[in-house]
1. Could you tell me the calculated FRET efficiency between E120 and H185, based on Cβ-Cβ distance and R0 = 25 angstrom, to the nearest 0.05?
2. Can you pull the three principal axis extents for the Cα set of the range 346-409, in Å, largest first?
3. Which links in K168/K245; K161/K231; K307/K382; K161/K245; K161/K290; K161/K268 stretch past 22 Å when you go from one Cα to the other?
4. Considering the dipole of the range 98-234 built from charges on the beta carbon (Lys and Arg +1, Asp and Glu -1) around the Cα centre, which of V103, I216, S129 is farthest to its positive end?
5. Working with all protein chains in place, sort Y176, Y339 by solvent-accessible area computed with a 1.4 Å probe, largest first.
6. What is the mean projected area of the alpha carbon convex hull for the range 110-183, to one decimal in square nanometres?
7. Give me, ordered by chain and number, the residues 5 or more places off I9 or on other chains with an amide H under 5 Å from its own placed amide H.
8. Select from the range 48-138 those GluC sites (Glu not before Pro) which occupy a DSSP coil region and have at most 13 other Cβ atoms within 10 Å, ordered by residue number.
Amino acid sequence: MSQAMTVVIVGAGAAGITVAAGLRRRQPALSVILIDPAATHYYQPAFTLVGAGVYDFERTQRAQADLIPAGAEWLRDRVVGFQPEQQTLALAAGPQVHYDHLVLCPGIQLDWDKVAGLREALGRNGVCSNYSPDHVTYTWDCLRSFGGGAALFTQPPVPIKCAGAPQKIAYLAADYWRRRGVMAHAHLHFLSAAATLFSVPYFSSALEKVAARHGIQILLQHNLVAVNGAKRIATFERTGRDGAKERLEMEFEMLHATPPQSAPDFIKQSPFANAAGWVDVNPNTLQHVKYANVFSLGDASSAPTSKTAAAIRKQAPVVVNNILAMAAGRSPSPGYDGYTSCPLTTSLNTVMLAEFSYDGRVTPTFPLRPDRERLIWWLLKKYGLPRLYWDYMLKGHEWDIPHRPYPPS
Ligand code: UQ1
């Protein structure tokens, strides 16, 4: 392989750092350039715990500079355009960048403004969101000061990152308020734009029981469209049985909002996007369907799976292998089966570990019944996974723990 071979990675989040570290580890002759304007890297999977007051916000943050793998170069800049025929991209401030291989993993965009009044309402009057590093600690303020009344937890239309997160905080809040003795005066509602509680039926029915146990009312096909923070009124668009849409206003004491999400605008406007805006890749090789030297993983990719760090842990080695294979003159292999995982916090000391692959196949790592809430998974979520993330995944260690279909055949 020529010394001059350059891999450019757009986005230095979970996916970008993991791929960069894997490439550098496997092939030190490769030139690896990471492009990301952010100076802080967040361990977003812990934001749910931060909002529930059981994880220190400071511990979710590290300086990006400390995570860039040795030998990789970091351009702290923003991409403003792509020229795939020339294999170049344009930056907001720096000179044009040339690539041999391009990896697109800039994450997902939070479209706060798609809900009228939400951006302005956040951070006051009981309106919070674990999806924003700027407001995640306010969720905990809201939980602590809640003395009863209506608490609303919302979920926009998918795709969103960690589709379990909107309901996880409802379960943690319910458990916290039960322990504090305020549940007797509280009304909890989980309002989702989706038609089911969870995308995989096996976990959806188990979660319905969890919600019922906590006394949380589930209202499906209810999409948050407006928030008036000062008046504490949330407006939902609900889809009736006849398919007709109607508006419904609900008063609240507390509102945990999940913002609508979409591909970053510079990806939507790029030649790499599919009709929905995501980077159009083969779901198993993660190679772009049209540009063979372009790969994508993580939240911005079109791979039809749930957008989580666990998915990235399995996607990153596939991208690394396929780039190295192409550099060696071989073709990419279909190594990714859609694996993703969502540790659903069902109380302040239990987690249901949902693991699944394409087509909703239940594929646990461990030989335990997956629909059970367990303390061991809570400990994994709170203590084990941050270690796995910072010390193994981001360092490019391919510690492939195999998963299997459930029930075993
Ligand atoms: C996982 O691998 C991962 O990425 C590091 C997560 O993100 C933090 C997860 O939440 C989960 C559940 C997994 C899956 C890990 C195991 C050991 C089953």
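1. 0.30
2. For the range 346-409, the Cα extents along the three principal axes come out at 34, 29, 19 Å.
3. K168/K245; K161/K231; K161/K245; K161/K290
4. I216
5. Values: Y176 35, Y339 5 Å².
Heavy-atom accessible area, descending, gives Y176, Y339.
6. 5.1 nm²
7. Amide H to amide H, under 5 Å and 5 or more residues apart or across chains, I9 pairs with I33, L34, I35, V103.
8. Values: sites: E58, E73, E85, E120; in loops: E85.
Passing sites in the range 48-138 are E85.
The values are calculated or read from the model by the stated rules, or taken from the named source; none is laboratory data. Keep in mind it's a predicted model, so treat the numbers as computed, not measured. Cβ sites come from the backbone with ideal geometry, for glycine too, and all protein chains shown count toward neighbours. Please note that ligands, DNA and RNA were not included when accessible areas were found on the heavy atoms of the full protein model with its side chains. Shrake-Rupley method; radii C 1.70, N 1.55, O 1.52, S 1.80 Å.
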